[in-house]
1. Give the number of residues within region 176-201 that are within 13 Å of the ligand (Cβ to nearest atom) and in a loop (DSSP other than H, G, I, E, B).
2. Given the structure, is Tyr183 open to solvent by 70 Å² or more (accessible area, probe 1.4 Å) and in contact (Cβ under 8 Å) with a residue 24 or more places away in the chain?
3. Mind checking whether some residue in region 126-141 is touching a Lys or Arg at 6+ places or on another chain (Cβ under 8 Å), surrounded by fewer than 18 Cβ atoms within 10 Å (Cβ to Cβ) and assigned by TED's automatic domain parsing to the domain that holds Gly84?
4. Wholly within region 22-116, which helices (runs of 4 or more DSSP H) include no fewer than the required count, namely at least 3 residues that are open to solvent by 30 Å² or more (accessible area, probe 1.4 Å) and at pLDDT 50 or above?
5. For residues that are within 12 Å of the ligand (Cβ to nearest atom) and among the charged types (D, E, K, R), tally how many sit in region 140-170.
6. Test each condition in (1) open to solvent by 20 Å² or more (accessible area, probe 1.4 Å); (2) within 12 Å of the ligand (Cβ to nearest atom); (3) over 16 Å from Pro70 (Cα atoms) for Thr173 and report the one that comes out false.
7. Any residue in region 138-163 that's outside any helix (DSSP H, G or I): show its pairings with residues that are of a type in the set (Lys, Arg) and within 12 Å of the ligand (Cβ to nearest atom) at Cβ separation under 8 Å, as long as the two are six or more apart or on different chains.
Amino acid sequence: MSTLAQRPRASFALAAALGLALLGIVVVATGVIVQVSGAAPDAGMPGGDPAPPAVATSAEPEIVDGPASPFDDGNPTVTKLDAGLLGALREAATAARRDGIEMVVNSGWRTPERQEQLLVEAISTYGSREAAAKWVAPADKSSHVHGEAVDIGDLEAAIWLGQNGAEFGLCQTYANEQWHFEYRESAPREGCPEAYPDPTYDPRLQ
Ligand SMILES: [Zn+2]
C-alpha cells in the first residue's frame, strides 16, 4: 500500500516542480517586459494621454543650481557667472587646492525662478518676508541672478576664501553669510570693503 500511495505523490511533486519552473520562466519573461516598457516613455507617448504623476514630477523645470566644481564648463551656475568673478574664482580654487582644500560652488548664477523659489522657502523658514530678506534677495535684485555672486562650500573652503580671497578680488559681502562672495576688482590692492551685517543693509537691494 505504501508504494502505491507514494507513486501519485511523487508524480504530483514532479508536476508541482514543473509548474514552478514554468512559473519562474513567466516571471522572468514578465520582468523583461516590464523593464522594456519602463524605457518606453522616451520613445514617445501617445499624444492625448495625460502624463502619469511620476512623469509630471520629472518634467518640472530643472532649476537646481549646484553644487558644481568651479572648473565645470557644463553647468550654467558656473559658466554664466560674470567673467571677472569666474576668473578670480578659478584662480582662488587653484590656490586653495594647493592648500589641500577643494572648493565647491553650492550656487552661483541662478534663474529668476530659482531665486523666487529660494525666497518662498526662506519666507516659510523664517516666518515673514522681512525676516527672509536677511538671507535671500528678491529675484530682480539678487546678485546671483546677475551672475555676480557665488556661495562657496564646504565651510572649510568658505573660511579659506574669507582669509585669502582679497588677493584674488573675492570678498565676503555679508557678515551673516560666510559662504557668499562677490568680485571686487580693487580688493587685491585695497583689501575687501567691510561686509554688510546682512543683505538688508546692502544699498543695492533697497
Ligand atoms: Zn549667495
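1. Of the residues in that region, 6 qualify.
2. In short, yes.
3. yes
4. On the way: elements: 53-58, 76-79, 83-98.
Output list reads 83-98.
5. Residues that pass the stated criteria total 2.
6. Here Thr173 meets the rest and fails (1).
7. If the second residue must be of a type in the set (Lys, Arg) and within 12 Å of the ligand (Cβ to nearest atom), the pairs left are Ser142/Arg110; His144/Arg110; Val145/Arg110.
The values are calculated or read from the model by the stated rules, or taken from the named source; none is laboratory data. If you're wondering where the values come from, they're calculated on a predicted model, not measured in any experiment. Using ideal geometry, Cβ is built from the backbone for each residue, glycine included, and neighbour counts are taken over all protein chains shown. Accessible surface areas use protein heavy atoms only, side chains included; no ligands, DNA or RNA. Shrake-Rupley method; radii C 1.70, N 1.55, O 1.52, S 1.80 Å.
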